[in-house]
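The values are calculated or read from the model by the stated rules, or taken from the named source; none is laboratory data. All figures in this text were calculated on a predicted structure; none of them were measured in a lab. Cβ placement follows ideal geometry from the backbone for every residue including glycine, while neighbour counts extend to all protein chains displayed. In case anyone asks, the SASA skips ligands and DNA or RNA and just uses the protein heavy atoms, side chains included. Shrake-Rupley method; radii C 1.70, N 1.55, O 1.52, S 1.80 Å.
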Amino acid sequence: MNDTKKKAWQSEGVKTSGTPTLEELTQTPGFPSEEFLYAGPVAFIECVEKIPCNPCETACPRGAITIGDNITELPMLDAGKCTGCGLCLPSCPGLAIYVKDYTFEQDRASIIFPFEYLPLPKKGDIVEMVDRFGETLCEGEILMVNTSSRNDQTSLIKAAFDKRHFIGVVSMKRLVT
Amino acid sequence: MVFTDVAVVGAGPAGLSAAIECAEAGANVILIDENTKPGGQLFKQIHKFFGSREHHAGVRGFRIGEELLLRARKLDIDVWLNCEVCGIYGGTELWIVKNRRESRRLKARKIILATGATENAVAFSGWTLPGVMGAGAAQTMINLHRVIPGNRVVMIGSGNVGVIVSYQLLQAGADVIAVVEAAPRLGGYGVHTAKLRRAGVPFFTSHTVLEARGKESVESVVIVRLDEYWKPVAGTEKELEADTVCIAAGLTPLIELAMLAGCEICFIPSLGGHVPVHDRRMRTSIESIYVAGDIAGVEEASTAMEEGRLSGIHASASLGLYSADKEEELSHQIWERLDVLRSGPFGEGRRKAKEKIISMKSMTQ
């Protein structure tokens, strides 16, 4: 276990603005390190508080997520083992995991994120991609909407968006009925 | 007069779990609830639960409720609905009013009180206007009755109830225009606040609601910044257009029956206020009365279910249905799971508070 990554710390971001800052996230063990960030599909686990929870660990078929016997530990991502399959996404009760792929296309990156609002977007729709603060960064094209019953109403949405916003984009703006 | 081994008051997550344990141990159980349906708050919990697999992690609350009801049905547990428990005598007898008109008496060898908790109110100018409600009430409206209370909501309180209900209001199609928190820091889990934030919901820390304005119902809400002494700072008032104010300012254990029975009560602010003193077996100062769930200190549904099971196991053992060894073994498994749920920065305080209650009980014995 990497002790420096497992140190106890508190995210100021979630306690003040509601969301962890990027700086805080890069210090957590669930965030892919620089080496794997732009190297292909990889999971981003934005879990910054020690709450007793571990479904993501067992959801990963490749053992890329480790929490251990003490289930309040933060999930540690072994980005080298992660293929970006996305099986961990619907397992997270906190909807705190998404998969991004910088190598998706020449100019566009892709993201798969959990989404629990209706109406759902449809394949081909152009939507607004947002950052952690809910600010729109760019447009996104919906590539896939997975509503598999095994995910119990947590839909998985795949979208392509401008690569320049690779780090910022985490989700899409809720659609209005 | 009806006779039974165990009477469980309250058919929420704690009471249902307690009744199931007792029935599995071979006791005759009567489960009583004032509502038209069993399940308590579980059927409003449309979000996925945290924890590990043993705590039903990743499963939505209402599905856990369905599973508990199915088990209760298979065990043929007698469920008395529309029944209010209005009196408790000698630690073994209950006076029940059914359908608000029919009086019943029930004598039980053991009574498990799983009455839950009630929402705290916050008073401000205009708080009696239609549109101002408890967060739990809004949650009942959207998730059980499928009626949206309003379109523009101000949530008071950023604890887990406040942020979870805010998220569910968004899911129901409302806009949450502000989450107002009097403390300088947000209270709920970061994963919940982050979901709201990326949906564009603004948080106002060190703020409170000063006034709800409107003729016949809420039309706008005035919020104000609080200084370090929690006093409103003049000139920082902001008027927000809103039609709904939800109050998520904590819960208070419903201990009336325990008090009526004469159970020893202690005051633990971090668990919601006055709670019946109880031991590791969930037994109160009255030998035949047990408590489980929010009445024993406000926590969450996962801990309530474990406490319910604990009370059921020990009540059954005290009836001679389990050997001392078996009782200890079953109890140990549940305590291990409870300790996990009460770990980490959020759970540690609750664990210590519960230990304090338990140490009080051993002192009085």
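Taking trypsin sites (Lys or Arg not before Pro) across the range B:155-247, the ones in a DSSP loop with at most 10 further Cβ atoms lying within 10 angstrom of their Cβ are B:K215. Heavy-atom accessible area for B:V6, with the other protein chains in place and a 1.4 Å probe, reaches approximately 0 Å².
Bridges between two residues of chain B, per DSSP, are antiparallel at a rate of about 50%.
Its convex hull of Cα atoms gives chain B a direction-averaged projected area, equal to a quarter of the hull surface, of 18.8 nm².
Per-residue ellipticity at 222 nm, computed for chain B from helices alone with -39500 (n - 2.57) per DSSP H run of at least four residues, works out to -10500 deg cm²/dmol. Residues whose amide H falls under 5 Å from that of A:F31, counting only those 5 or more places apart or on a different chain, are A:I45, A:L77, with hydrogens built in the peptide plane. Here's how it looks for B:I112: its modeled amide H is under 5 Å from those of B:A7, B:V8, B:V9, B:Y290, which are all 5 or more places away or on a different chain. Computed on the range B:210-365, with alpha-carbon pairs under 8 angstrom and 6+ residues apart, the relative contact order is 16 percent. Using a simple spin-label model with pseudo-atoms 7 Å out from Cα toward Cβ, B:A324 and A:M144 lie 6.0 nm apart. Projected label points at B:S270 and A:T83, each 7 Å from Cα along the beta carbon direction, are separated by 4.6 nanometres. Each of B:V245, B:S217, B:L310 was scored by the projection of its Cα onto the charge dipole of the range B:209-365, and the greatest displacement toward the positive side belongs to B:L310; charges sit on the C-beta of Lys, Arg, Asp and Glu. Please enumerate, by chain and number, the lysines with C-alpha under 24 Å from the C-alpha of A:K173, excluding those fewer than 8 residues away in the same chain. The reachable lysines, counting only those whose Cα sits under 24 Å from A:K173, are A:K15, A:K100, A:K122, A:K123, A:K158, A:K163, B:K48, B:K195.
For B:K107, a cut-off of 25 angstrom between C-alpha atoms picks up these lysines, skipping any fewer than 8 places away in its own chain: B:K37, B:K74, B:K98.
For the pair B:I358 and B:Y89, a Förster radius of 25 Å applied to the C-beta separation gives a FRET efficiency near 0.40, rounded to the nearest 0.05. The solvent-accessible area of A:E12, taken with every protein chain present and a 1.4 Å probe, is close to 90 Å². Placing unit charges on each Cβ (+1 for Lys and Arg, -1 for Asp and Glu) gives chain B a dipole about its Cα centre, and among B:L257, B:V161, B:I148 the Cα reaching farthest toward its positive end belongs to B:I148.
Enter the angle in degrees (range 0 to 90, nearest 10) between the Cα long axis of helix B:61-74 and the first principal axis of the Cα atoms of chain B, meaning the one along which they spread out most. The angle comes out near 20 degrees. Taken about its Cα centre, chain A carries a charge dipole of about 320 debye when Lys and Arg each add +1 at the Cβ and Asp and Glu each add -1 at the Cβ.
Ordering A:G80, A:P32, A:I167 by Cα displacement along the dipole of the range A:3-172 toward the positive end leaves A:G80 in first place; charges were set at the Cβ atoms of Lys, Arg (+1) and Asp, Glu (-1). Magnitude of the charge dipole for the range A:92-177, about its Cα centre and with charges confined to Cβ atoms of Lys, Arg (+1) and Asp, Glu (-1), is about 160 debye. The separation of the range B:298-357 from the range A:130-151, counted between C-alpha centres, amounts to 41 Å.
Taking θ as phi - 60° and the Karplus parameters 6.51, -1.76 and 1.60, the scalar couplings of the range B:319-331 work out to 8, x, 7, 10, 6, 4, 5, 5, 4, 5, 5, 5, 5 Hz in sequence order, x denoting glycine and proline. For peptide B:56-66, the mean count of partner chain Cβ atoms within 10 Å of a residue's Cβ comes to 3. Solvent-accessible area lost on pairing A with B (1.4 Å probe, both sides summed) amounts to about 3200 Å². Counting only Cβ charges, +1 for Lys and Arg and -1 for Asp and Glu, the dipole size of the protein assembly as shown around its Cα centre is about 680 debye.
Remark on B:L210: its backbone amide H falls under 5 Å from those of B:V222, B:I223, B:V224, a criterion applied only to residues 5 or more positions apart or on other chains, H modelled at 1.01 Å from N.
The lysines within cross-link reach of B:K361, meaning a Cα-to-Cα straight distance under 20 Å and a gap of 8 or more places when in the same chain, are B:K110, B:K352.
Listed values for the range A:139-156 are Karplus-derived 3J(HN,Hα) couplings in whole Hz (6.51 cos²θ - 1.76 cosθ + 1.60, θ = phi - 60°), namely 7, x, 9, 6, 9, 7, 10, 9, 10, 3, 5, 5, 8, 6, 6, 8, 7, 10, and x replaces Gly and Pro.
When DSSP beta bridges are restricted to pairs lying wholly in the protein assembly as shown, around 65% turn out antiparallel. Report, to the nearest 10°, how far helix B:344-364 tilts away from the longest principal axis of the Cα atoms in chain B, using its own Cα long axis and a range of 0 to 90°. Once rounded, the angle reads 40 degrees. Backbone phi angles across the range A:48-62, fed through the Karplus curve with coefficients 6.51, -1.76 and 1.60 (θ = phi - 60°), yield HN-Hα couplings of 10, 10, 7, 10, x, 6, 8, x, 5, 4, 7, 5, 7, x, 10 Hz in residue order; Gly and Pro are listed as x.
Taking packing as the residue-averaged number of other Cβ atoms within 10 angstrom, the listed peptides A:48-54, A:25-31, A:171-177 run from highest to lowest as A:48-54, A:25-31, A:171-177.
Computed over neighbours whose Cβ is under 13 Å from that of B:V209, the net charge equals -1, Lys and Arg +1, Asp and Glu -1.
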